[in-house]
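*Asks:* Take this structure first; my questions come after.
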Amino acid sequence: MMTKLTVQTRSGALKGTAGRGVRTWKGIPYAKPPVGELRFKVPEPPAPWDGIKHADSFGPVCPQPDDMLSISFSGDVPPQSEDCLYLNVFAPDSEGEKKPVMVWIHGGAFYLGAGSEPLYDGSALAADGDVIVVTLNYRLGPFGFLHLSSIHDAYSANIGLLDQIAALRWVRDNISEFGGDPDNVTIFGESAGGMSIAALLAMPDAKGLFHKAILESGASHTIPADMAKDIAAAFIHEAGTDQLQELSVNDLLKTADKVRRSLDQNIFQLLFQPAIDPATLPAEPVKAIADGAAEGIPMIIGTNRDEAYLFFTPDTDIHSEKKQQDYLHYHLGENCTEQAADLYPHSLKGQIDMMTDLIFWRPAVAFAQGQSQHAPVWMYRFDWHGETPPFHKAVHALELPFVFGNFDSLRKTLQEPLGDDAEQLSKQIQSAWLAFAKTGNPNTSHFNWPEYETDSRETLLFNTDTAVESDPDSAKRRILFQA
C-alpha cells in the first residue's frame with residue numbers, strides 16, 4: 001500500500017490525509033488569489049511557500065447566493081471568498097504505474113456551485129476505479145463571466161474559463177507527484193461544466209492540456225460579443241461606477257442580481273456565461289469543433305431525458321406565445337421556427353420540453369455530429385428516474401450520484417429506498433466513464449456501446465435495462481435540424 005501523504009509540488013510541499021482507500025489533498029492553490037488588482041484579471045501562477053502546507057480542508061467557494069449553497073452542502077454552508085482558486089486531489093491508496101487523471105468541472109449556470117460539494121467527492125471513483133480525481137473551483141457570476149474586455153483592454157474575457165485552463169496547467173505540471181499521468185487526462189463536467197468543456201475544446205490556450213472529454217447535459221452555449229458588451233455596460237450603469245475593483249463582494253453580487261432582473265432576456269438565457277472573444281474563444285464552439293478544433297479528442301456526450309423538469313413547478317408561469325416564438329427564432333432561425341412551433345404547444349409541458357430540447361438535447365446532438373467527423377464519439381441518454389416529484393422524471397443532474405457513486409444525498413432527496421437496480425446502473429456508468437478515462441473507449445463487459453455516426457446515430461439509453469437505440473426521437477431531430 002502507498003502511504004505517501006507529503007508531496008512536493010512546484011509551489012511547495014503539501015501534506016494530505018488518508019481514509020476510505022484514498023489519499024486526499026484539499027484546498028490546493030492553483031493560482032494567486034484573484035483579489036484587489038487581480039480582480040477580473042487573468043489568473044496568475046500561485047506564489048511559492050516554505051515548509052509543508054497542510055492540505056486537509058477545502059478552500060473557500062466563489063461568492064454566490066447563499067440559498068443554493070445551503071442546498072448543495074446540506075445546510076452546512078462553507079465560507080465564501082474571492083480567494084477561491086483551489087483544487088482537490090483524490091488518489092487511490094495503491095502503488096503501480098502512473099494512473100489516468102479525471103478532472104471534474106462543476107455546473108451551476110456559471111453562477112453557483114463548487115468543486116467541494118459533497119456530491120462531487122471523488123473518493124469512491126478514485127478508490128474503485130484506480131484513477132486520480134481532481135475537482136476544482138473557478139470564478140463564477142460577475143467575478144468570472146462579466147466580460148469587461150469589451151469595456152477596457154486591461155481586462156480579459158472568459159475569466160472563469162481561463163481559471164479552468166490554469167487548473168489544467170497545474171495538473172499537467174504537478175499531477176505526477178500524486179501518482180497521476182499528465183499525458184492521460186480526461187475532463188468531465190455537467191451542465192455549465194459540460195458547457196465549459198465545450199468551450200475548452202475550442203480554446204487555443206487549452207490545447208494539449210487534456211486528451212479526452214465527457215460532457216454531461218451541456219454543450220456549446222455562448223453569447224455573442226455584442227451581447228457580452230451590453231451586459232458589461234448595463235452592469236457598470238447599475239453599479240454607478242466603472243471602478244468595479246473598489247466595490248465590495250456583496251455589492252457586486254447585488255448588482256448582478258439587479259442586472260439579471262432588469263435585462264429583458266430570452267427565456268432560459270444565462271446572463272453570465274462564456275462569450276465569443278477573439279483573444280480567448282474566437283469561434284462558437286460547435287462551429288470550431290465541426291472545423292476540427294478538437295481533432296483526435298475522443299468524447300462521451302449526452303443528456304437526461306427530462307432535463308428541464310428540474311426547473312419548473314406545476315404553478316410556474318407560462319410565457320406568452322410571442323416570447324416562445326421569439327425564443328424559437330433565437331435558437332433555430334427563421335426557417336425552422338414555424339415547423340418547430342408545432343412540437344411545443346403553449347402549455348407548461350410545451351415550455352419544459354422546449355427548454356430540454358433547445359438548451360440541452362439539440363446542442364448535444366450538434367456537438368456529437370461535429371466531433372464525430374474528427375474523433376470517436378459515444379452518445380448517451382440518461383432515462384432512469386425515481387418515484388418522488390420532480391425525480392419521477394429523468395431530470396437535470398440526476399445522473400451525478402451515479403457517476404460519482406455518492407448516493408447519500410440522492411436517498412435524502414428522493415425520500416425513497418434505492419433498489420439494487422440503481423446501484424447496478426451506477427456501476428455500469430462508472431465502468432464506462434473509467435474505461436474511457438483509461439483507454440479512450442467506454443466499452444466494458446456490461447454492454448456494447450457503438451460509436452455515434454451520423455448515418456445511424458446509435459445512442460446508449462441508461463436505465464434499469466440499459467439498451468442502444470438508433471436515432472432516438474428522430475422525427476423531432478429532423479425538424480430541429482431541418483434534415
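The values are calculated or read from the model by the stated rules, or taken from the named source; none is laboratory data. Note that the structure is predicted; figures quoted are calculated from it, not measured. With ideal geometry, Cβ positions are generated from the backbone for all residues, glycine too; neighbour counts draw on all protein chains shown. Surface areas here come from the heavy atoms of the whole protein model, side chains and all, with no ligands, DNA or RNA. Shrake-Rupley method; radii C 1.70, N 1.55, O 1.52, S 1.80 Å.
*Asks:* Students often get this wrong: which residues of region 201-240 have the backbone nitrogen under 19 Å from the point 7 angstrom along Cα-to-C-beta of Thr316?
*Replies:* The answer is 217-219.
*Asks:* Note down the magnitude of the dipole of the chain about its Cα centre, charges +1 on Lys and Arg C-beta and -1 on Asp and Glu C-beta and zero elsewhere, to the nearest 20 debye. Let's see the in-between values first.
*Replies:* On the way: 38 positive and 64 negative charges, 183 e Å.
I would put it at about 880 debye.
*Asks:* What ranking, highest mean first, results for peptides 340-352, 464-476 when packing means the other Cβ atoms within 10 Å averaged over each residue?
*Replies:* Details: 340-352: 16.2, 464-476: 13.5.
Descending packing order for the listed peptides: 340-352, 464-476.
*Asks:* Further question on the same structure: Below 8 Å between Cα atoms, with a sequence gap of 6+, how large is the relative contact order for region 223-334 in percent?
*Replies:* With pairs under 8 Å counted, the relative contact order is 28 percent.
*Asks:* Shifting gears a bit: Which whole-Hz couplings ³J(HN,Hα) result when phi for each residue of region 115-125 is put into the Karplus expression 6.51 cos²θ - 1.76 cosθ + 1.60, θ = phi - 60°, listed in order with x for Gly and Pro?
*Replies:* x, 8, 4, x, 4, 9, 4, x, 4, 5, 5
*Asks:* With only alpha-carbon atoms in the gyration tensor, what are the semi-axes of the equivalent ellipsoid for region 383-464, in Å, largest first?
*Replies:* 25, 15, 10
*Asks:* Once the Cα gyration tensor of the chain is diagonalised, what are the square roots of 5 times its eigenvalues, in whole Å and ordered largest first, as equivalent ellipsoid semi-axes? Don't jump to the answer; show the numbers that get you there.
*Replies:* Details: eigenvalues 205, 169, 91 Å².
Largest first, the chain gives 32, 29, 21 Å.
*Asks:* In the calculated pair distance distribution of region 269-324, what percentage of Cα-Cα distances lie above 15 Å?
*Replies:* Tail of the P(r) past 15 Å holds 73 percent of the pairs.
*Asks:* Between His54 and residues 5 or more places away or on another chain, which pairs have amide H atoms under 5 Å apart, with H built 1.01 Å from N, and which residues are they?
*Replies:* Amide H neighbours of His54: Lys15.
*Asks:* Express the carbon and sulfur contribution to the solvent-accessible surface of the chain as a percent, rounded to the nearest whole number, probe 1.4 angstrom.
*Replies:* 48
*Asks:* Using θ = phi - 60° and the Karplus relation 6.51 cos²θ - 1.76 cosθ + 1.60, list the HN-Hα couplings for region 294-304 in order, rounded to whole Hz, with x at every Gly or Pro.
*Replies:* 10, 4, x, 9, x, 9, 10, 9, x, 9, 9
*Asks:* When only C-alpha pairs under 8 Å and at least 6 residues apart count, what is the relative contact order of region 343-483, in percent?
*Replies:* So the answer I get is 24 percent.
*Asks:* Once the mean 1/r over all distinct Cα pairs of region 193-311 is inverted, what Kirkwood radius in angstroms do you read off?
*Replies:* Mean inverse Cα-Cα distance, inverted, gives 16.3 Å.
*Asks:* Going highest first, how would you order 6-15, 216-225 by mean Cβ packing within 10 Å? Don't jump to the answer; show the numbers that get you there.
*Replies:* On the way: 6-15: 16.5, 216-225: 23.1.
Output ranking for 6-15, 216-225: 216-225, 6-15.
*Asks:* A further question follows. Counting only pairs 8 or more places apart or on different chains, how many lysine pairs in region 1-138 have C-alpha atoms closer than 29 Å?
*Replies:* For region 1-138, qualifying lysine pairs total 22.
*Asks:* For region 1-53, what does the alpha-carbon gyration tensor say about shape, rounded, prolate or oblate, given a ≥ b ≥ c as the root eigenvalues, a/c under 1.5 as rounded, and a/b over b/c as prolate?
*Replies:* prolate
*Asks:* Taking the DSSP beta bridges in the chain as the whole, what percent of them are antiparallel, to the nearest 5?
*Replies:* So the antiparallel bridges in the chain amount to around 40 percent.
*Asks:* Then there is this: How large is the convex hull of the Cα atoms of region 30-105 per residue, expressed in Å³ as a whole number?
*Replies:* Given the Cα convex hull of region 30-105, per-residue volume reads 165 Å³.
*Asks:* Provide the per residue accessible area, probe 1.4 Å, for the chain, rounded to a whole number of square angstrom.
*Replies:* 40
*Asks:* Another question, if that's okay. Show me the ranking of peptides 71-79, 144-152, 16-24 by mean Cβ neighbours inside 10 Å, starting with the highest. Numbers along the way, then the final one.
*Replies:* Working: 71-79: 13.7, 144-152: 22.6, 16-24: 17.4.
Most protected by this proxy first, the peptides run 144-152, 16-24, 71-79.
*Asks:* Hey, which aspartates and glutamates would be in cross-link range of Lys212, C-alpha to C-alpha under 12 Å, not counting anything within fewer than 8 residues on its own chain?
*Replies:* Asp183, Glu295
*Asks:* Here's another thing I want to ask about it. Can you give me the long-range amide H partners of Ile105? Hydrogens built in the peptide plane at 1.01 Å from N, cutoff under 5 Å, separation of 5 or more residues or another chain.
*Replies:* For Ile105, the qualifying residues are Phe188, Gly189, Glu190.
*Asks:* For the chain, what does the relative contact order come out to in percent, with C-alpha contacts under 8 Å and a separation of six or more?
*Replies:* Reported as a whole number, the value is 13 percent.
*Asks:* Report the dimensions of region 324-483 along its three principal axes from the alpha-carbon atoms, largest first, rounded to Å.
*Replies:* 46, 40, 20
*Asks:* Mind checking region 326-418 for GluC sites (Glu not before Pro) that DSSP puts in a loop (not H, G, I, E or B) and that have at most 13 other Cβ atoms within 10 Å?
*Replies:* Answer by residue number: Glu387.
*Asks:* Can I ask one more? Taking C-beta distances below 4.7 angstrom as the pairing criterion, name the unpartnered cysteines of the chain, in sequence order.
*Replies:* Cys336
*Asks:* In nm, give the distance between the simple-model label positions of Glu97 and His54, each being 7 Å from the Cα along the Cα-to-Cβ direction.
*Replies:* Taking the simple label geometry, Glu97 and His54 are separated by 3.8 nm.
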